[in-house]
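The values are calculated or read from the model by the stated rules, or taken from the named source; none is laboratory data. Please read all numbers here as calculations on a predicted model, not as lab measurements. Positions of Cβ are generated from backbone atoms using ideal geometry, with glycine treated the same way; all protein chains shown enter the neighbour counts. When the accessible area is computed, the model is the full protein with side chains, heavy atoms only, and any ligands, DNA or RNA have been set aside. Shrake-Rupley method; radii C 1.70, N 1.55, O 1.52, S 1.80 Å.
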Amino acid sequence: MKSKVKKILGLAVLLLVTFFAVKAYLDNNRPHNPKVFGPPEKTQWKPVGARAAGQHGYDVIPEPDTFNAIHVDVANSDSVWGVAAPMFELDWVAEPAYFVGNGPLFDNAGNLYLSPQFYHGERVVLVSLDAQTGKRRWAIPADNDIQASSPAFILNDPENPGSQIIYIVGYNRVMALRPDGSTVWSKATGLSLPPSKDGKKTIVKFHSFNYHPATDSLISITKDGALFAFSRKSGELIAAIGQVPGAPAISGNGTNIPTFVLKKVDPLMDKAFGKTDDGLSLFSAAVSYIYGGGGVVTNFFSIDPDSSRIFMAATAEDKEDGTEDGRSEIGAIYALDLVDDGNGGLMFQILNRKTFHGGTGSTPALSADGQRLYVSDNAGNVIALDSELNEVWRVDVGEPLVGSISVAPDNHELYAVTSSDVIKLFDNGDSGSVSWKGELNGFDGYANVDVQSNALTATVTANGVVVMIGGGKTLLGRTLMLHMGMGLLDRETGKLRYFAEGREDSLAMSVVAADGSIYVAHSPLRRAVGKAMYPELTQDVIGGIARFKPIRLDLLARDAICAAEARAANASTLNKTTELAAINTDIRQIKVLMKQAGNAITKAVKDGDIIAEKASALNNLLEKTAPNLSPANLPQATPDLAAACTQFD
């Protein structure tokens, strides 16, 4: 009997091996006829009614014309005011030795900043690049003075209007830097690393800074839930160290990577990027971290710029899951603030909290007016809470989210991402609803692509939704990424307006710069699995930052001008008494769009995309618009913008 079973099993294995061998042969010989994307038409999407808008100023907090924080802004909206290039192509890859899990970020001069997580060779905590060429400008080395750093954070410098400051935080030091790399201040935190229990190097993971307007301070939190507040002006600690009361996480819906996959992928990633600072293989360590991995806080956090209230997704206390074992199976959302401690100092205080079963794969994201907080759970629910953490509604999107919810300021629109889809939802007030699932067909016609899916957090722009699309195969019920590319979805229909293949997978965001360029931080966990399983069907894994440069600059100018016109026309219908905050914010965004259009027109003339006579006519119309950009005169600005938009018909 045993002999017969062994023969059957042996035959099954042989058939399986033969199947994959034949399939690989057929894949390699399948015709390769990629879909060609032509110039996209104008989008029909428009803002309707008053947008969500806050009351805060922009003297310290930058306008969201690009990514100044890892999710654009302090509220983690993943929404920018400008347009993304309607057509684009891969331009360059810089710093390929670095595994980059967040960013990149940009200052208002267009300089790029990245914070590598893992790497071979040179150890750095921050690198600045020329965003147009990818050439390194300067770097801050990792040494005993400043060791592991979180992603950077950028604010305006109110003492020097027009200038900005880049902030980084590590366990032993915090720093403020000018865009030229010079130091504004550098402060030792005075913290000492806790003793290691197993003799390995102790690593304390800090999340990036966020800004607390009421105290003019920079807030950070560790993976273990310790809270810190540093003065924006000096870097000094201004409050007692706080603590989120959660226990290390156990993810009820965590991922189970087969051992044979780990044995193939870990050596591949070790060769490309080395091991982590505590000696672990990068792939295994990263998967553990992404899916909980014993952390109390594994996502970034939001701050409402109007109220200064802090919102964090973390774990609940140990006992709340019914078993006191030093671990937590229950997630929690906390609302906190910095308050007077009664002795003339400040302290962190938990104001409200809400628990839910399972963890979350998303950073809490706020609406622009701070009245809604959006999170997800491990069961696939998008959940809307009010500012006191009362649940308002939830919508089941069918599978867990793999990134933060992107919150548009217009039309009550939300964009959720799963491992399969990009999903547009509406916040209808007391309920939520699904509008569409995006058309992710960028890899149609590829020889070795059987399945296409979403691969990254979506970024909302004035002319669409920027997404990453992965193309690959399925193995044992899992999708294996072999290719990736960036796409622009239409906000009205979910159709793919344009797509271009890229070089590498990412765990970061779909980053859009002020000039419409798209940038991708290379962190190839998923494609590393594809490479390990199908080594002949995909390129070697690579780190660094990739730029997708705009092409057809006339279309970029068109989309920016037409977006400005649609916004001006809508804002002109709003009540100047009750909806003034929305009107003023619309005017700010119109100015961003007009600046973007003007720069694109100049470049389009140089590239031959627009003739000089048409460029002159467009610039004249934009110049006529500018004096009328006020609440009282906005109706007079709209016809000139409309005339400029029709120049592209």
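Translational D (Stokes-Einstein, µm²/s) of the range 62-195 at 25 °C and 0.890 mPa s when Rh comes from the Kirkwood sum over C-alpha pairs?
After rounding, the answer is 155 µm²/s.
Quick one: length gained pulling Glu623 to Glu399 fully straight, 0.36 nm per residue minus the C-alpha distance?
Result: 75.7 nm gained on full extension.
Ratio of Rg to Rh for the range 55-129, alpha carbon only, Kirkwood?
Rounded to two decimals, Rg/Rh equals 1.01.
Tell me, in nm to one decimal, what length is gained between Phe426 and Asn575 on full extension, where the rule is 0.36 nm per residue of separation less the Cα-Cα distance?
That pair, Phe426 and Asn575, stretches by 51.3 nm at full extension.
Return the sequence-ordered ³J(HN,Hα) values of the range 222-230 in whole Hz as given by the Karplus equation 6.51 cos²θ - 1.76 cosθ + 1.60 applied to θ = phi - 60°, using x for Gly and Pro.
Using θ = phi - 60°, the values come out as 8, 4, 7, x, 7, 9, 10, 10, 10 Hz.
Magnitude of the Cβ-charge dipole of the chain, K/R +1 and D/E -1, about the Cα centre, nearest 20 debye?
Roughly 2160 debye, rounded to the nearest 20.
For the range 337-351, in order, what is each residue's ³J(HN,Hα) by Karplus, 6.51 cos²θ - 1.76 cosθ + 1.60 with θ = phi - 60°, in whole Hz (x at glycine and Pro)?
Values per residue, Gly and Pro as x: 7, 8, 10, 5, 8, x, 10, x, x, 10, 8, 7, 10, 7, 8 Hz.
Among 166-175, 456-465, how do they line up from the highest to the lowest mean number of other beta-carbon atoms within 10 Å?
The densest-packed peptide leads the list: 456-465, 166-175.
Just to verify a number: FRET efficiency for Asn584 and Asn33, C-beta to C-beta distance, R0 = 51 Å, to 0.05?
Rounded to the nearest 0.05, the efficiency is 0.50.
Please list the equivalent ellipsoid semi-axes of the range 465-519, computed as the square roots of five times the alpha-carbon gyration tensor eigenvalues, in descending order and whole angstrom.
23, 14, 9
Given labels modelled 7 Å from the Cα in the Cβ direction, how far is it in nm from Ser234 to Asp341?
Calculated label separation equals 1.5 nm.
Using the beta-carbon distance between Val392 and Val48 and R0 = 22 Å, what value does 1/(1 + (r/R0)^6) give for FRET efficiency, to the nearest 0.05?
E(calc), rounded to 0.05, equals 0.55.
Distance in nm between label sites at Asp444 and Asp157, each 7 Å beyond Cα in the beta-carbon direction?
5.1
Rg to Rh for the range 451-544: what is it, with Cα atoms only and Rh by Kirkwood?
0.99
Which whole-angstrom value gives the distance between the alpha carbon centres of the range 507-557 and the range 413-446?
Result: 21 Å between the Cα centres.
What does the convex hull of the alpha-carbon atoms of the range 581-649 project to on average, in nm²?
4.5
Accessible area per residue of the chain at 1.4 Å probe, in Å²?
Per residue, the chain has 39 Å² of solvent-accessible surface.
Quote the convex hull volume per residue of the range 358-447, based on C-alpha atoms, as a whole number of Å³.
102
Could you please state how large a percent of the accessible area of the chain is carbon and sulfur, counting protein chains only and using a 1.4 Å probe?
That share works out to 52 percent.
Just to be sure I understand: if I project the alpha-carbon convex hull of the range 297-423 onto a plane and average over all orientations, what area do I get in nm²?
Averaged projected area of the range 297-423's Cα convex hull equals 9.0 nm².
How far apart, in nm, are two points set 7 Å out from the Cα along the Cα-to-Cβ line at Leu475 and at Asn633?
6.4
Provide the gained length on full extension for the span Leu280 to Lys319, in nm with one decimal, where the gain is 0.36 nm per separating residue minus the Cα-Cα distance.
Computed gain between Leu280 and Lys319 is 11.0 nm.
From the convex hull of the Cα coordinates of the chain, what is the mean projected area in square nanometres?
It is 31.6 nm².
Which entries of Lys42/Lys603; Lys35/Lys531; Lys135/Lys424; Lys275/Lys531 show an alpha-carbon separation above 28 angstrom in the structure shown?
Distance filter (> 28 Å) returns Lys135/Lys424.
If R0 is 45 Å, what FRET efficiency do you get for Leu262 and Ala612 from their C-beta distance, rounded to 0.05?
Plugging the Cβ-Cβ distance into 1/(1 + (r/R0)^6) gives 0.15.
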